[in-house]
Amino acid sequence: RSQSGGVWLPPGQTKLFGYMYALNEWWRFNTPPTDVPIGGIIFVPGKWYHIECRIKMNTATSVKDDYEADGIYQVWVDGVLAASEDRMIWRKFARHWAIDGIMFSTFFGGSGFSWAPKDKDEFIYFDDFVVSKSRIGTTYDDSDSDGMRDAWEMSHFGNLTTSDGHSDNDGDGLSDFFEFQGGTNPTDQNDYFQLDCSRPGNGTVTFSWESKIQHRYRLEKSTDLENWSNVLSEFEGDGTRFSHQVSEDPGTAKSYYRLAYVRQ
């Protein structure tokens, strides 16, 4: 059995993971596929995401225990490969085991009321379910399924083969996919997303960055890297440099900040 799912996190974010139960118990594991953000993406409320899961049975014959550990489990988020396991043992006997159905459900897990939502209702929308024997791909124009729009690749590279999303064509340390999401130029080493931080010395911290049109931003804070709260609510960039000053709490030993952004 294989499951892909998400864990609700405050404030309205989620972490993607997969449960995969193989027949040999030592291989029973919960592997990410990854913790969001993926390449700079954070799952945020109010935005659709395209999630695709692939299952391929491992090789097996009609002879008991005559099988190979070559089953596949893969997950894509908005066209970008987020998880890939190619040593899965889904079956040990071909005669009785095959893919014969798909079950979809949404629920709150856990073993007690502490896992239940508090103070407000939680909900999520699902749409456009597709079952296919081949790659489905993203819902927008991305014929090579690398997570970047074809038109964007053509405008920067002149083709769809120069970049696969993981490459860094301008050598600035950020992948081309990260630059696609951030609205920066993947062929200009001086154009990259960066969050700057300064301390004026009056008990405050100033954060600044170059905002991009058609991008939304949200500044978040945490004291444990697990629970995050909004410091600056989501707003739309206008193409200018944006600054925001945060007052530090003298009673807090350590604080962490992150900037979440999403391409519209």
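The values are calculated or read from the model by the stated rules, or taken from the named source; none is laboratory data. Keep in mind that this is a model prediction, so the values were computed, not measured. In this analysis, Cβ positions are derived from the backbone assuming ideal geometry, glycine residues included, and neighbour counts consider all displayed protein chains. These accessible areas exclude ligands, DNA and RNA; they are computed on the full protein's heavy atoms, side chains included. Shrake-Rupley method; radii C 1.70, N 1.55, O 1.52, S 1.80 Å.
Here are some notes:
- Taking the numbered list (1) within 20 Å of Val80 (Cα to Cα); (2) not in a strand (DSSP E or B) in turn, Ile213 passes all entries but (1).
- Looking only at the range 133-152, and only at residues there that are closer than 23 Å to Ile72 by Cβ and over 17 Å from the mean Cα position of the chain (by Cα), the one that is surrounded by the fewest Cβ atoms within 10 Å (Cβ to Cβ): Lys133
- Applying the set (1) open to solvent by 30 Å² or more (accessible area, probe 1.4 Å); (2) more than 15 Å from Arg258 (Cβ to Cβ); (3) in contact with a Ser or Thr (Cβ under 8 Å, 6 or more places away or on another chain); (4) not aliphatic (A, V, I, L, M) to Asp164 leaves exactly one unmet item: (3).
- Residues of the range 114-132 that are among the hydroxyl-bearing types (Ser, Thr, Tyr) and either under 18 Å from Val75 (Cα atoms) or outside any loop (DSSP other than H, G, I, E, B) (or both): Ser114, Ser132.
- All conditions but one from (1) among the hydroxyl-bearing types (Ser, Thr, Tyr); (2) within 22 Å of Gly79 (Cβ to Cβ); (3) crowded, with 17+ Cβ neighbours inside 10 Å apply to Ser211; the one that does not is (2).
- Some residue of the range 67-75 being open to solvent by 60 Å² or more (accessible area, probe 1.4 Å), in a loop (DSSP other than H, G, I, E, B) and of a type in the set (Phe, Trp, Tyr): no
- When Arg216, Arg258 are screened for being open to solvent by less than 80 Å² (accessible area, probe 1.4 Å), of a type in the set (Lys, Arg) and touching a Gly at 6+ places or on another chain (Cβ under 8 Å), only Arg216 passes.
- Cβ-Cβ distances below 7 Å connect the following pairs, each with a first residue in the range 77-93 that is within 10 Å of Ala60 (Cα to Cα) and of a type in the set (A, V, I, L, M), a second residue that is outside any strand (DSSP E or B) and open to solvent by 40 Å² or more (accessible area, probe 1.4 Å), and a separation of six or more residues or different chains: Ile89/Leu23; Ile89/Ala69.
- For the criterion of being modelled with pLDDT under 65 and under 30 Å from Thr223 (Cα atoms), Pro45 fails.
- Test result for Phe207, part of a strand (DSSP E or B), in contact with a Cys (Cβ under 6 Å, 6 or more places away or on another chain), of a type outside the set (Ser, Thr, Tyr) and under 26 Å from Asp191 (Cβ atoms): yes
- Within the range 229-248, residues that are in a loop (DSSP other than H, G, I, E, B) have Cβ atoms under 9 Å from residues that are of a type in the set (Gly, Ala, Ser) in these pairs: Gly237/Gly183; Gly237/Ser211; Asp238/Ser211; Gly239/Ser211; Thr240/Ser211; Glu248/Gly203; Glu248/Ser255, counting only partners at least 6 apart in sequence or on another chain.
- The set of residues in the range 153-201 that are within 22 Å of the chain's Cα centre (by Cα), at positive phi and without any contact (Cβ under 8 Å) to a residue 40 or more places away in the chain contains only Gly173.
- Members of the range 213-228 that are within 27 Å of Gly201 (Cα to Cα) and over 19 Å from the mean Cα position of the chain (by Cα): Lys221, Ser222, Thr223, Asp224
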